[in-house]
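Since the structure comes first, as structure tokens, the remarks are kept for the end.
The values are calculated or read from the model by the stated rules, or taken from the named source; none is laboratory data. Given the structure is predicted, the values throughout are model-derived calculations rather than measurements. Because the Cβ atoms are built from the backbone with ideal geometry, glycine has one as well, and the counts that use them run over all protein chains shown. All accessible areas refer to the heavy atoms of the entire protein, side chains included, with ligands and DNA or RNA removed. Shrake-Rupley method; radii C 1.70, N 1.55, O 1.52, S 1.80 Å.
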Amino acid sequence: MEALFKSIQKCDNIKDLERLRVEVFGKKGYFAAEFAKLKELEGDKKIAEAAKLNAEKEKFTELLNFQKTSLEKQENENILKKDAVDVSLYGNSMSAGALHPVMATMDKIIEYFVSLNFSVEDGPLVEDDFHNFEALNLPKFHPARDMQDTFYFKDNMLLRTHTSPVQVRTMLTKNPPIRMICPGAVFRPDFDLTHTPMFHQIEGLVVDKKGVVSFANLKSILEEFLRYMFGDVKVRFRPSFFPFTEPSAEVDISCIFCHGKGCRVCKNTGWLEVLGCGTVDQNVFNAVGYKNSSGYAFGLGIERFAMLLHRIPDLRSLFEGDLRLLEQFK
Ligand code: DAH
């Protein structure tokens with residue numbers, strides 16, 4: 001009995017304590033055996049022995065409870081110590097992402113035209129011949145189709161070569177006045193320093209009643225836009241040809257690298273070509289059933305803008321997903 005009492009006092013973990021509890025109070029334990037012995041006693045002896053055992057029982061219960069609570073408390077403290085977190089430690093550094101420079105440039109352009117009340121329209125990447133070419137005054141076998149190499153599918157379907165088909169789709173579903181832009185991916189089978197098979201354009205179109213929209217409006221809106229994008233640059237309009245506009249122009253800005261003095265980027269001309277535009281050809285209005293309308297349109301390559309703004313020499317690097325390039329745009 002003394003030995004058991006001592007073991008319980010010395011016990012230093014809950015598992016052993018439970019084992020000792022069974023040794024004391026279990027069916028085959030100390031008290032079961034002691035109480036069984038009472039049968040052999042009689043009278044006062046039996047009463048005295050029983051009272052002694054009951055007092056012992058109380059002592060054991062008290063001791064076991066005491067040991068149990070203090071061991072549990074200690075165990076909890078050990079767990080807290082083991083799992084403690086040092087909140088003052090530095091964490092692993094997490095690297096934040098950023099918008100791809102092409103998307104950031106696209107957003108910047110969209111923001112400008114939305115502030116001028118242009119709507120943002122959308123169209124499918126897989127187009128048919130009618131919307132991509134025919135309705136834009138590019139009939140089959142017209143030599144100007146060679147300006148844009150094309151990925152063809154079966155059944156007159158193709159990957160759109162420019163965002164201009166969205167002009168056609170918008171005019172077929174809405175009536176003038178129209179003020180729209182359409183940003184999106186376009187596709188042509190080219191691959192070199194300045195061409196990738198997929199790139200992005202933004203198309204703009206403004207249409208109103210005949211006589212309301214003029215080339216002068218187009219000129220002023222694009223001049224303002226290009227100064228918003230590139231700062232204090234000179235802007236010049238060069239006569240050009242697009243089947244869907246007449247007259248047409250290509251627009252240059254004074255070279256932002258040499259300020260017009262001539263350098264490698266502008267090929268010593270002092271000018272950088274940045275977009276195409278013109279007043280909408282009457283044949284385009286005919287194709288969508290617009291009568292007595294006037295309008296202007298423009299189209300630009302977003303990658304070209306991004307490359308100029310961020311001085312990126314090789315277009316292909318925009319699509320290689322190299323983090324060393326992308327991390328510079330945080
Ligand atoms: N669609 C032409 C291209 O991809 C760009 C363009 C030029 C669009 C003149 C226009 C425009 O709307 O008027 O080369």
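A few comments on the model shown:
- Calculated FRET efficiency for the pair ALA104/PHE130, C-beta based, R₀ 25 Å, to 0.05: 0.15
- Taking all protein chains into account, the per residue accessible area for the chain stands at 60 Å² (1.4 Å probe).
- Sites ASP155 and ILE79, calculated FRET efficiency, Cβ-Cβ separation with R0 45 Å, nearest 0.05: 0.05
- With both labels modelled 7 Å from their Cα along Cα-to-Cβ, the SER240 to VAL22 distance reads 9.1 nm.
- All C-alpha pair distances within the stretch 184-305, sorted into 5 Å bins from zero, spread as 2, 11, 18, 19, 19, 15, 9, 4, 2, 0 percent across the bins.
- Rounded D (µm²/s) - the stretch 2-83, Kirkwood Rh over Cα pairs, Stokes-Einstein at 37 °C, 0.692 mPa s: 230 µm²/s
- Considering helices alone, the calculated mean residue ellipticity of the chain at 222 nm is -12500 deg cm²/dmol, with DSSP H runs of length four and up weighted by -39500 (n - 2.57) and normalised per residue.
- For trypsin sites (Lys or Arg not before Pro), the sites in the stretch 206-279 that DSSP calls loop and that have at most 13 other Cβ atoms within 10 Å are LYS210, LYS261, ARG264, LYS267.
- Here the spin labels are modelled as points 7 Å beyond Cα on the Cα-Cβ line, and at ARG264 and GLU111 they lie 3.2 nm apart.
- In the elastic network of the chain, a GNM with C-alpha springs shorter than 10 Å, the most mobile of SER317, SER248, SER88 is SER88.
- On the stretch 2-83, 54 percent of the accessible area sits on carbon and sulfur atoms, based on a 1.4 Å probe.
- Projected label points at PHE191 and VAL87, each 7 Å from Cα along the beta carbon direction, are separated by 5.5 nanometres.
- Lysine pair number, Cα distance threshold 22 Å (strictly under), the stretch 101-329, separation 8 or more or different chains: 13
- Fluctuation leader among ALA249, ALA216, ALA287 - the chain, Gaussian network, Cα springs under 10 angstrom: ALA216
- Gaussian network model of the chain, Cα within-10 Å springs - most flexible of THR161, THR170, THR61: THR61
- Gained length - HIS310 relative to PHE215, 0.36 nm times residue gap less alpha-carbon distance: 31.1 nm
- Compactness of the chain - radius of gyration and Dmax, Cα, Å: 42.8, 132
- Residue among PRO197, SER220, VAL284 farthest towards the positive dipole end of the stretch 180-330, charges placed on Cβ: SER220
- Contact order relative to length of the chain, as percent, for alpha carbon pairs under 8 angstrom and 6 or more apart: 15 percent
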